[in-house]
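Comments concern the structure below.
The values are calculated or read from the model by the stated rules, or taken from the named source; none is laboratory data. Nothing here was measured: the structure is a model prediction, and the numbers come from that model. Backbone-built Cβ (ideal geometry, glycine too); neighbour counts: all protein chains shown.
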Amino acid sequence: MLLKLTECEDLNEIRVISLRNQQLTQCLKTLGKCENLTISYLQGNLIMEKDLINLQSFSCLKKLDLSDNNIQGLPSSKVFAGLTELKFLYLHNNNISNWNDLQSLVQLPSIIHLTMFGNPVCSIPGYRHFLVNSIQSLLALDNYVITDEERIEDASFGYRFRGLNEFMKLHIPDYTREKSAE
């Protein structure tokens, strides 16, 4: 199916895959065989925590979109520590509610943009402060650029440079309705 969908002759040729809105529950084990996969769009499926353990096979992955799935928890920090190339991880609009799941994300070595909005864990006081100050490589969390004011205790650089300010908002297109990776 993957070869037909991507028009590739070998799984190692697949670099980008879009499996949006396919009602998939377990696909990461199969995708792990695509050794050169760098971008994977998996939003709008039914992927759960038990399938996420297979992420440790994705050594080349740079962008992973798991938004709008059925994820209620995240695997151990060891799984995330192995994703050395991962720069973008989108987990928004899932059912992640446990603070310990945030602890797992801290091990992402190269992450620069992480989305978690729409998860119950985001309503826990200190959620943003914890992630901003625990993941030094992180440049944007949810829909906002991380500012120096958020990282430096008691710093104030004026209204324009405050965290969660409209000037710092990212405008991410909504790709949930598209099936192609373009």
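Kindly evaluate I71 against the criterion of being at pLDDT 95 or above, over 11 Å from the mean Cα position of the chain (by Cα) and crowded, with 17+ Cβ neighbours inside 10 Å.
yes
Report yes if some residue within region 17-28 is surrounded by fewer than 18 Cβ atoms within 10 Å (Cβ to Cβ) and of a type outside the set (S, T, N, Q); otherwise report no.
No.
Would a scan of region 83-102 turn up a residue that is of a type outside the set (F, W, Y), under 19 Å from G32 (Cβ atoms), over 13 Å from the mean Cα position of the chain (by Cα) and surrounded by fewer than 16 Cβ atoms within 10 Å (Cβ to Cβ)?
Yes; the residues of region 83-102 include at least one that is of a type outside the set (F, W, Y), under 19 Å from G32 (Cβ atoms), over 13 Å from the mean Cα position of the chain (by Cα) and surrounded by fewer than 16 Cβ atoms within 10 Å (Cβ to Cβ).
Out of all the residues in region 40-53, which are out of contact with any strand residue (DSSP E or B) (no Cβ under 8 Å at 6 or more places or on another chain) and assigned to a loop (DSSP other than H, G, I, E, B)?
Once the filter is applied, which keeps residues that are out of contact with any strand residue (DSSP E or B) (no Cβ under 8 Å at 6 or more places or on another chain) and assigned to a loop (DSSP other than H, G, I, E, B), region 40-53 yields G44, N45, L46, I47, M48.
Would a scan of region 142-163 turn up a residue that is hydroxyl-bearing (S, T, Y) and either at pLDDT below 85 or on the phi > 0 side of the Ramachandran plot (or both)?
Looking for residues that are hydroxyl-bearing (S, T, Y) and either at pLDDT below 85 or on the phi > 0 side of the Ramachandran plot (or both), one finds at least one in region 142-163, hence yes.
All but one of (1) in contact with a Pro (Cβ under 7 Å, 6 or more places away or on another chain); (2) outside any loop (DSSP other than H, G, I, E, B) hold for Q56; which doesn't?
(1)
Is it true that some residue in region 65-84 is out of contact with any strand residue (DSSP E or B) (no Cβ under 7 Å at 6 or more places or on another chain), part of a helix (DSSP H, G or I), aromatic (F, W, Y) and in contact (Cβ under 8 Å) with a residue 24 or more places away in the chain?
Yes, the conditions are met somewhere in region 65-84.
Which members of region 103-143 meet the condition of being exposed (fewer than 15 other Cβ atoms within 10 Å of the Cβ) and in a strand (DSSP E or B)?
Across region 103-143, there are no qualifying residues.
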